[in-house]
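Visitor: Take a look at this one; I'll ask things after.
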Amino acid sequence: MHNPEETRLREYMDHVRSEAEQVTDEKLEEAVRHGMVRGKRTKQRKRGLVAAIALAAAIWMLWAGLGPSPKLAEQHRLPGPYPALAMDFTRYPHLQQYSELGLIQHAGQSAEAGGYSLTVVGVITGTHMIKVIYTVEHDFSKQAVVMNTAMKNALSDEPVLNSSFIGGGELVPRGSHMFEVSFVLPLSQNFPESLVFEAVLAPDSPEARYGGEVSNAFTLQIPLKLDLEAVLKLTHIIPLEHSVEAGGQQVTIREAVLSATGAVIHTTEGSQNTSNGVELERMSLEIVEGSGAVSSLTSMFAAGPDDEGSKSYYFEDPRLLQARSITLTAQGLSVPAALRPKLIVDLEKGQMEPVRTEYGRMTYSGYRSNEHVNGEKVYTLTFEYESQQEPRGLYVDYIFKDGTGKAYDVVGTAISRSYSGSNGNEYPVTTFEVHIEPQAYKGPLVLELGGQTQVMKQPMELPIR
């Protein structure tokens, strides 16, 4: 890395620390104590047992094109700075690997309320994700539910802007039990040093599990101070700038970012692409460990594309830091259809206007009236989609219109697949059953077909390390 870039990164880290110094230990303790001791019963609406993933995640320094010096970058091959935790990671063997590599920052802080005890055992901090390892303990005969977890600002008690998490919804029997939750930070936000981890606990009930009103929930909070110096030393940003082209479409693999929590691959769609949402097909990371063992990692999730066509693929595995080599592989490009074909069906005549999509052919097989689906009477329209390749993500939109343009909701759909043809010329056939309310619709019905993709094969391998 050039010295000016290293200087800019150091200046950024100094700026983060100066902001953190404005939050005195006394103020931080006072703010967090308010959350820990209030322990009052509050009505909480659970925000979801399984949370959605943020549409974009990273920190400012990554997208500014910064990274550690070559000397610091080499250190990411070595174990992290923390001693291994004396914990039983039987349920989470991957956490055992993080621990043995010295990547788990020790915490050991607890909070209690309502007979529940919450302890943050440790934190794994990367440039794109924060993983919190925590335990919940209680002595009640009735199991508890982790209704929600959140990462909050130390003083405002507000969730970190757009942070999202993977986890929550855990059931906790009597005793002490360990869990993990991962938070993703948005692109526009600087990486804070002082945070508060919050968990909402309640006795098990349908309301606590599925988002109803709960009057006996308890909110527990624990302060966290991240070791940003260790984050810096374990971060390695690798410029790639490799373009994959197929069928007139293009995706550029801009960079790979390695850190304590894993890796992020940043890509951008070509500005001249005729379809939006073009992405790498079956992308994976092939890693060779120091022992010579070879394994393949698939992306745990992807974020984007944003308005500029940028997309990020996230890989979570502690072995990435010590891998002898890392190679990105893909089979080509997955290209969404540029158009959403309309399925125009005349129920009275039992006909559909001819439809040929970009990648296959859709036919109409008629409808059955007054069929019972989940206790409801419905009309069931049946369509068959034939193509030379397996359709993925294909669906009939849940909104349709009648001849006057009035919109209706689809009651439900069912999809099945089979094969037709013979003598080695078999091709996939996807059958869609679309259930709608039985009534006298005016004019032909107009449905839309979405999610069509075409795979443009262009196998590639790109060495990252």
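Visitor: Can you tell me the FRET efficiency between GLU100 and SER325 if r is taken as the Cβ-Cβ distance and R0 is 22 Å, rounded to the nearest 0.05? It would help to have the intermediate numbers written out before the result.
Guide: Working: r = 21 Å, r/R0 = 0.95.
That gives a FRET efficiency of 0.55.
Visitor: Now for a separate question. So what is the accessible area of the range 234-344 per residue, in Å², with the probe set to 1.4 Å?
Guide: On the way: 4350 Å² over 111 residues.
Per-residue accessible area for the range 234-344 comes out at 39 Å².
Visitor: Now for a different question. Sort LYS457, LYS142 from largest to smallest accessible area, using a 1.4 Å probe on the heavy atoms of the protein chains.
Guide: Details: LYS457 170, LYS142 115 Å².
Sorted by accessible area, descending: LYS457, LYS142.
Visitor: I'd like the accessible area for ILE415: 1.4 Å probe, protein heavy atoms, all chains in place, Å² to the nearest 10.
Guide: 90 Å²
Visitor: Moving on. On average, how much accessible surface per residue is there in the range 393-465, in Å², for a 1.4 Å probe, leaving out ligands, DNA and RNA? Display every interim value, and only then the final one.
Guide: Working: 4030 Å² over 73 residues.
That works out to 55 Å² per residue.
Visitor: Among SER275, THR219, SER194, flag the residue with its Cα farthest along the positive direction of the charge dipole of the range 182-281, charges on Cβ as +1 for Lys/Arg and -1 for Asp/Glu.
Guide: It is SER194.
Visitor: Taking 0.36 nm per intervening residue step and subtracting the Cα-Cα distance, what contour gain separates GLU448 from GLU461 on full extension? Display every interim value, and only then the final one.
Guide: Details: separation 13, 0.36 × 13 = 4.68 nm, distance 3.71 nm.
Full extension from GLU448 to GLU461 adds 1.0 nm.
Visitor: Go through ASP409, ASP317 and list them by solvent-accessible area, largest first, probe radius 1.4 Å.
Guide: Values: ASP409 105, ASP317 15 Å².
Largest accessible area first, the list is ASP409, ASP317.
Visitor: Compare GLU289, GLU207 by solvent-accessible area with a 1.4 Å probe and give them largest first, with all protein chains kept in place. Write down the numbers at each step before the final one.
Guide: Values: GLU289 50, GLU207 85 Å².
From most accessible down to least: GLU207, GLU289.
Visitor: Another one. To the nearest Å, what is the center-to-center distance of the range 272-310 and the range 113-135, using C-alpha atoms only?
Guide: Centre-to-centre distance over Cα atoms comes out at 28 Å.
Visitor: Take the eigenvalues of the Cα gyration tensor for the range 400-465, scale each by 5, and report the square roots as semi-axes in whole Å, largest first. All intermediate terms of the calculation are to be shown ahead of the outcome.
Guide: Details: eigenvalues 278, 79, 25 Å².
Working from the Cα gyration tensor, I get semi-axes of 37, 20, 11 Å.
Visitor: How much accessible area does ILE399 have with a 1.4 Å probe, in Å² rounded to the nearest 10?
Guide: 80 Å²
Visitor: Within 13 Å, Cβ to Cβ, of GLU348, how many net charges do the neighbouring residues add up to if Lys/Arg are +1 and Asp/Glu are -1? Please list the in-between numbers first.
Guide: Values: positive: LYS349, LYS442; negative: ASP346, ASP402.
Overall, the nearby charge balance is 0.
Visitor: Place +1 on the Cβ of every Lys and Arg and -1 on the Cβ of every Asp and Glu in the range 230-325, take the dipole about the Cα centre, and give the residue among SER259, GLY248, GLY290 whose Cα lies farthest towards its positive end.
Guide: Result: GLY290, furthest along the dipole toward the positive end.
Visitor: While we're looking at this one, here's another question. Filter LYS131/LYS152; LYS311/LYS342; LYS131/LYS225 down to the pairs with a C-alpha to C-alpha distance above 18 Å, please. Please report the intermediate quantities before stating the final value.
Guide: Details: LYS131/LYS152 14 Å; LYS311/LYS342 29 Å; LYS131/LYS225 13 Å.
Check vs 18 Å cut-off fails for LYS311/LYS342.
The values are calculated or read from the model by the stated rules, or taken from the named source; none is laboratory data. Since the structure is predicted, the reported quantities are computational estimates derived from the model, not experimental observations. Reconstructed Cβ throughout: ideal geometry from the backbone, glycine too, with neighbour counts over all protein chains shown. These accessible areas exclude ligands, DNA and RNA; they are computed on the full protein's heavy atoms, side chains included. Shrake-Rupley method; radii C 1.70, N 1.55, O 1.52, S 1.80 Å.
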